[in-house]
Amino acid sequence: MHQIVGRASVSLEEGVYIVNSASVVGTKEGQGPLGHLFDRVGSDDLFDCNTWEEAESALQKEAVYMALKKAGKKPEEIQMLFAGDLLGQSIASSFGLKQFEIPHMGIYGACSTCGASMMMGTMAIEGGFAHQAVCVTSSHFASAEKEFRFPLEYGNQRPLSATWTVTGSGAFVLSGEHRKGDRAKITGFTMGMITDFGIKDSMNMGACMAPAAASTIERHLKDFQRDPGDYDKIITGDLGKVGQTILLDLLREKGYDIADVHMDCGIEIYDGDTQDTHAGGSGCGCSAVTLSAYILKQIEEKYWKKVLFVPTGALLSKTSFNEGQSVPGVAHALVIENI
């Protein structure tokens, strides 16, 4: 059973269970502070492929394979697969996942895709349209640079506000039935609205996405009539250091101080002192692999009882940027609790 609260929030009485998950990352991510927690760290970022795009497809393929294996599930037991990435027409997902022959729904939420896919999977299961679903997303530093900025061969300089696109993929198996060994459960969510402050700097994704994160978090707390302290952590996807500062300021203006409980996946995944990633990490894979490897582990081991997971996305394309459009943002919030 579920209850609609507010305009775009849903509270789940029983919850949808995260049966298991998997994380596959590149070499730089493996060298970061969370490196020992990932299921697989590639020996090189091509993952034995010929192109960066093929490598990203390989990331998704392996993440889904590992998640299913850890969950003890076969592809034919899964009714729906929700997947997306940053590449044009989501080719990392379509080429990487076709062999599983699972009914496929491609989605796009930029770097919020992990949250969007898990929200879609939760709705499908809660609505009785699927018993089990897989949700997966990915990003790759080199393919993203070629898609949105400059090919690596160009050797362009990056400003300090820029974030480093995470090479990684996170996959999650969801189920409506609880069984021993499930990692956590989703007990509610708030769907994000597109938020546009008119920012046009594609090298400052944190500033573009922070207003959307603030909007969703504020609306979530109002809809559920909760305070920041009701959560052990409020976790954004990839705002980085610049975006984190903006988020905290925007929410303070609305009367919410989340500084004591806020965490950003883009800040956690790299070591700011030893790894040259400027403002932190970004990309679809950033929040996905951090959720799978670190956040769920903290929930499983009862260090955290309840978190608000808020992946963030910047909704731009090469076309919109070259035509001088601003960079809108979106953020989706999931309530994840221990069992």
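Bear in mind that the values in this text are calculations on the coordinates, not laboratory data. Small disclaimer: the values here were computed from a predicted structure and weren't measured. Cβ sites come from the backbone with ideal geometry, for glycine too, and all protein chains shown count toward neighbours.
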> What pairs in Lys73/Lys180; Lys200/Lys222; Lys185/Lys233 have C-alpha atoms more than 18 Å from each other?
Replying inline: Lys200/Lys222
>> Over all directions, the average projected area of the alpha-carbon convex hull for segment 41-128 comes to how many nm²?
In response: 6.2 nm²
>> With n ≥ 4 as the cut-off for DSSP H runs, can you work out [θ] at 222 nm for the chain, using -39500 (n - 2.57) per run divided by the number of residues, rounded to the nearest 500?
In response: -9500 deg cm²/dmol
> If Lys and Arg each add +1 and Asp and Glu each add -1, what is the summed charge of the other residues whose beta carbon sits under 13 Å from the beta carbon of Arg252?
Replying inline: -4
> How high is the relative contact order of the chain, in percent, counting Cα pairs under 8 Å that sit 6 or more residues apart?
Replying inline: 24 percent
>> Highest mean first, how do 85-97, 224-236 rank when packing is the count of other Cβ atoms within 10 Å averaged over residues?
In response: 85-97, 224-236
> Among His278, His220, which comes first, then next, by fewest other beta-carbon atoms within 10 Å?
Replying inline: His278, His220
> Working from the pairwise distances between different alpha carbons, so that the mean of 1/r is found and then inverted, what is the chain's Kirkwood radius in Å?
Replying inline: 19.3 Å
> What base-10 log of the normalised intensity I(q)/I(0) is obtained for segment 228-282 from the Debye formula, alpha carbons as equal point scatterers, at q = 0.22, 0.24, 0.27 Å⁻¹?
Replying inline: -0.80, -0.90, -1.03
> Ordered by packing density, taken as the mean number of other Cβ atoms within 10 Å over each peptide's residues, highest first, how do 262-274, 127-139 rank?
Replying inline: 127-139, 262-274
> For segment 40-89, what percent of Cα pairs sit more than 14 Å apart?
Replying inline: 60 percent
> Which value does Rg/Rh take for segment 213-322 over its C-alpha atoms, Rh per Kirkwood?
Replying inline: 0.99
>> Counting just the Cα atoms, what span does segment 2-175 cover along each of its three principal axes? Round to the nearest Å and put the largest first.
In response: 51, 37, 32
> Which net charge results when you count Lys and Arg as +1 and Asp and Glu as -1 among the other residues whose beta-carbon is under 12 Å from that of Ile235?
Replying inline: -2
>> If you restrict to DSSP beta bridges whose two residues both lie in the chain, what percentage is antiparallel, to the nearest 5?
In response: 65 percent
> Roughly speaking, what is the centre-to-centre gap between segment 273-305 and segment 172-194 when only Cα atoms are used, to the nearest Å?
Replying inline: 18 Å
> So how many Å³ per residue does the convex hull of the Cα atoms of segment 166-213 work out to?
Replying inline: 126 Å³
>> Can you tell me, using C-alpha contacts under 8 Å and at least 6 residues apart, the relative contact order of segment 186-337 as a whole percent?
In response: 38 percent
> For the residues Asp44, Asp196, what sequence is obtained by ranking on other C-beta atoms within 10 Å, fewest first?
Replying inline: Asp44, Asp196
